[in-house]
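Worksheet: one structure, shown below.
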Amino acid sequence: MIHVYAGPTLPRDEPLLSDPSVRRLPPVRHGDLFDDTIADTDTVVIIDGLYHQAAALRHKEILATLARGIRVLGAASIGALRAAELDRFGMRGMGSIYHRYRTGELTADDEVAVGQEPDDDRQALTWPLVNLRYTLDLAVQDGVVSRDTAAVLLDEFRSLYYPHRTPPAIRAICYRHYATALTTWLRERRTADPHFGDLKRLDALKALRAALSGIEPAPQTPADGLHWDTPYFRRWSAHFATEHVDGLQLPTALRIAYQQIFDPNFPHVWHDHLDHLSRHLDGETGMPLAERMTRLTGEDPSPPPVRAVFRIPVDVRDANTVKRLLANESAPDRTSVARYLAANADARRAIPGFMPETIKDGEARRTLQQLWQCQPSGVEDAAAARGFRSAAHAVESVKVFLVGFLDDQPQPFEPATEATTDAR
């Protein structure tokens, strides 16, 4: 399968995108390459990407994809940029724009940037500078403008912020410099060929044809020898890991967080998880958790609880870890996770600027206090018993579920009383 990330550079009705081996996807963004439908034998073609209105695709995400043996081709837009930066590690760049970035002829990201429609059509609203540069070169070759005039126009085009490089703005600059012959020539050429001057499109089609023909990239440094598996990458991997269960596509980390927060028996699940890790430590002698604690605390008459000693991060990439921590998960639990995420989406539409992160810490903490039936002073210990790094970590985690959870309640939560027993 060939996974093609394209937006305004290639229209939806581009014939090559209708090939049965092509899976057309919107412009790539941070996290998209964690898609579990991309198999190790597949090809990824990166053309367009988001980087202003969403976090851009990180280099280490591409390196990790290459390390799986997946072919990654880049061209035209952010694909050309990333290929120029990563071709020595195995990513294959295609086309003139890639080559110009690779040689240093082009350096600015905004050469390929465009403003685009916010809907699914993603049509370009502005001219990318690299296309304007290419069109001016063609105009000079045809004798429409002099090389000096073309240089002046290019400087003017470059001075515009990329979302302002609209057709009216381009025409206005041409008129100001008495280059009306250029606008007339360009209108005639684009009437005959709507794609005239579109260098990005030419490069994108070249990459897509290469992917369809099965062209192998030239030998490069193997990506699996690179240090891409950093703590940042592991957090991204955990954030974007999903699984299709019961007809729902749910983030694995949120399924685990739901159990940590709402399953009253999760402290036992977490204790069993720690015991398993204690018995299967890599490079060390495994032993039961109780024995390990005895060795660590010695003859201490008041040893600290296990949860205070071991604060182990959860690796959602490990299937066995996920299985252990979701041991008590039920179908209604998964339905609740989906419903609470949908409640966040509804809140975003109804409340401008809403994000779960904007919920007050105090409200989230009171909810945890009520759920875990503990006093304010006991939230830290209760959070540790459920595998959270700290009470603050638990507070941030519950915010994702809070809107939907509170909507489910028949009456407002009451704060825990002094008589409430701490959850252990």
Open item on the list: Using only Cα atoms and rounding to the nearest 10 degrees, what angle (0 to 90) does helix 252-262 make with the longest principal axis of the chain?
Closed with: 30
TODO: Quick one: grab the alpha carbon gyration tensor of the range 1-122, order the square roots of its eigenvalues as a ≥ b ≥ c, and give me rounded if a/c is under 1.5, else prolate or oblate depending on whether a/b is larger than b/c.
DONE: rounded
TODO: Kindly express, to the nearest 10 degrees and within the range 0 to 90, the angle between helix 361-371's C-alpha long axis and the longest C-alpha principal axis of the chain.
DONE: 40
- [ ] List the pair-distance distribution P(r) of the chain, using every Cα-Cα distance, as the percent of pairs falling in each 10 Å bin from 0 up to the bin containing the longest distance, rounded to whole percents.
- [x] 4, 17, 22, 20, 16, 11, 6, 3, 1, 0
Open item on the list: Compute the angle between helix 331-350 and the longest alpha-carbon principal axis of the chain, please, reported from 0 to 90 degrees and rounded to the nearest 10.
Closed with: 50
Task: For the chain, with +1 on Lys and Arg beta carbons and -1 on Asp and Glu, the positive-most of GLY7, LEU274, LEU371 along the dipole - done: GLY7
Task: Calculated log₁₀ intensity ratio I(q)/I(0) where the Debye formula runs over C-alpha points of the range 46-93, q = 0.20 Å⁻¹ - done: -0.58
Task: Cβ-derived FRET efficiency at R0 56 Å, ASP407 paired with ALA108, nearest 0.05 - done: 0.75
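Treat every Asp and Glu Cβ in the range 304-393 as -1 and every Lys and Arg Cβ as +1, leave all other atoms uncharged, and give the resulting dipole magnitude about the Cα centre to the nearest 20 debye. If you can, show how the numbers build up before the last one.
On the way: 14 positive and 10 negative charges, 21 e Å.
With Lys and Arg at +1 and Asp and Glu at -1, about 100 debye.
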Task: Lys/Arg +1, Asp/Glu -1 at C-beta; the range 241-408 dipole; positive extreme among ALA350, ASN265, PHE405 - done: ALA350
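For ILE351 and ALA172, calculate 0.36 nm times their separation in residues minus their Cα-Cα distance, and state this gained length in nm to one decimal. Don't skip to the answer; put the middle values down first.
Details: separation 179, 0.36 × 179 = 64.44 nm, distance 3.98 nm.
Contour length minus the Cα-Cα distance gives 60.5 nm.
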- [ ] Would you mind computing, in nm to one decimal, how far apart the modelled labels at THR180 and LEU154 are, each placed 7 Å from Cα along Cα→Cβ?
- [x] 2.6
TODO: Please report, in debye to the nearest 20, how large the charge dipole of the range 241-408 is about its Cα centre when each Lys and Arg carries +1 at its beta carbon and each Asp and Glu carries -1 there.
DONE: 300
TODO: Compute the semi-axes of the equivalent ellipsoid of the range 241-408, taking the square root of 5 times each eigenvalue of the Cα gyration tensor, and list them largest first in whole Å.
DONE: 31, 20, 12
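No value in this document is a laboratory result; all are computed from the given coordinates. The model shown is predicted, which means the values in this text are computed figures rather than measured ones. Neighbour counts run over all protein chains shown; Cβ positions are idealised from the backbone, glycine included.
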